[in-house]
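Some notes on the structure that comes next.
The values are calculated or read from the model by the stated rules, or taken from the named source; none is laboratory data. All figures in this text were calculated on a predicted structure; none of them were measured in a lab. Quick reminder, even Gly has a Cβ in these numbers, built from the backbone with ideal geometry, and neighbours come from all protein chains shown. Accessible surface is based on the protein model in full, side chains and every heavy atom, while ligands, DNA and RNA are left aside. Shrake-Rupley method; radii C 1.70, N 1.55, O 1.52, S 1.80 Å.
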Amino acid sequence: MPERPFHHGNLRAVLLDEAVQVLREDGVDGLSLRDLARRAGVSHGAPRSHFVDRQALLDALAVLGFERLTTAVRRALSGSGDLDERFRRVALAYVDFAVDDAALMDLMFQASTTGRSGSVRTAAESLFAVLDGALGTAPVEPGDDPRTTFKLLFAATMQGIAALVVSRRIDRPQGEWLVEAALGTMLRSDLGTRALGTRALGTG
């Protein structure tokens, strides 16, 4: 591939888009700055103007993933409908993302728990802040934190369903059916009632 002049100001975005594609095709082990430079048609040293090393690239990918998932969740919440319908859209958007970009999803949550990058933690917190806003302002007892538990359970459940689809233990329609069943249980559980108040019963 002939080398392109190093002049386009969107090289960082191009490299990240190429990296997402590599993740989809070959997983995280397939990522290298030199290969991304080749795919983008720039000199092998050009990516280091944006990513000092491979870890910086991985952290930037994690931030990008959280930003894209947060945008999808916001879009799902912006439509009309009651709490059940909006959470259903959020859940399906979450599972779709986790299925279509499984390697990126793994990278995102691994990076957010290692404590290496403040930008990754901030991006992850933004996602959970959007989910928190969807829960409303139900009062809680002192020392009780059902909202955080609900958000973590929601994420774990949806990622678990996505993992079943990715591993082909179930197909996508079965995954959607599980999303419906899981939400029906979660929203009307004791935890759901404490996290969302009367909204969990579809009255908000």
Q.
Of all residues being loosely packed, with under 13 Cβ neighbours inside 10 Å and in a helix (DSSP H, G or I) in the stretch 164-173, which is farthest from the chain's Cα centre (by Cα)? Just the residue, please.
A. Pro173
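Scan the stretch 19-47 for residues that are in contact (Cβ under 8 Å) with a residue 40 or more places away in the chain and either closer than 22 Å to Ala98 by Cα or open to solvent by less than 30 Å² (accessible area, probe 1.4 Å) (or both) and jot them down. Write out each step before concluding.
Going residue by residue through the stretch 19-47, those that are in contact (Cβ under 8 Å) with a residue 40 or more places away in the chain are 19-20, 23-24, 27-28, 41, 43, 46.
Answer for the stretch 19-47, where residues must be in contact (Cβ under 8 Å) with a residue 40 or more places away in the chain and either closer than 22 Å to Ala98 by Cα or open to solvent by less than 30 Å² (accessible area, probe 1.4 Å) (or both): Ala19, Val20, Leu23, Arg24, Gly27, Val28, Gly41, Ala46.
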Q | Counted residues, the stretch 48-66 - those being open to solvent by less than 70 Å² (accessible area, probe 1.4 Å) and either modelled with pLDDT under 85 or under 19 Å from Asp96 (Cβ atoms) (or both) | A | 5
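Examine the stretch 17-24 for a residue that is out of contact with any Gly (no Cβ under 7 Å at 6 or more places or on another chain) and not in a helix (DSSP H, G or I), and state whether such a residue exists.
Residues of the stretch 17-24 that are out of contact with any Gly (no Cβ under 7 Å at 6 or more places or on another chain), as a first pass: 17-21, 23-24.
Those still in the list that are not in a helix (DSSP H, G or I) too: none.
There is no residue in the stretch 17-24 that is out of contact with any Gly (no Cβ under 7 Å at 6 or more places or on another chain) and not in a helix (DSSP H, G or I).
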Q. So Glu3 fits all but one of (1) under 30 Å from Ala134 (Cα atoms); (2) exposed (fewer than 14 other Cβ atoms within 10 Å of the Cβ); (3) modelled with pLDDT under 85; what number is the exception?
A. (1)
Q) Any idea how many residues of the stretch 67-92 are over 19 Å from Thr185 (Cα atoms) and either surrounded by 19 or more Cβ atoms within 10 Å (Cβ to Cβ) or modelled with pLDDT of 90 or more (or both)? A) 10
Q | Residue selected from the stretch 185-195 under the condition without any contact (Cβ under 8 Å) to a residue 12 or more places away in the chain and in a helix (DSSP H, G or I), by the criterion least open to solvent (accessible area, probe 1.4 Å) | A | Thr193
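Only one residue in Thr122, Thr113 is part of a helix (DSSP H, G or I), at pLDDT below 85, exposed (fewer than 13 other Cβ atoms within 10 Å of the Cβ) and among the hydroxyl-bearing types (Ser, Thr, Tyr). Which one? Walk me through how you get there before you give the answer.
Values: Thr122 fails: at pLDDT below 85.
Criteria check complete, one pass: Thr113.
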**Q.** Any chance Gly133 is over 30 Å from Asp53 (Cβ atoms), at pLDDT 80 or above and outside any loop (DSSP other than H, G, I, E, B)
**A.** no
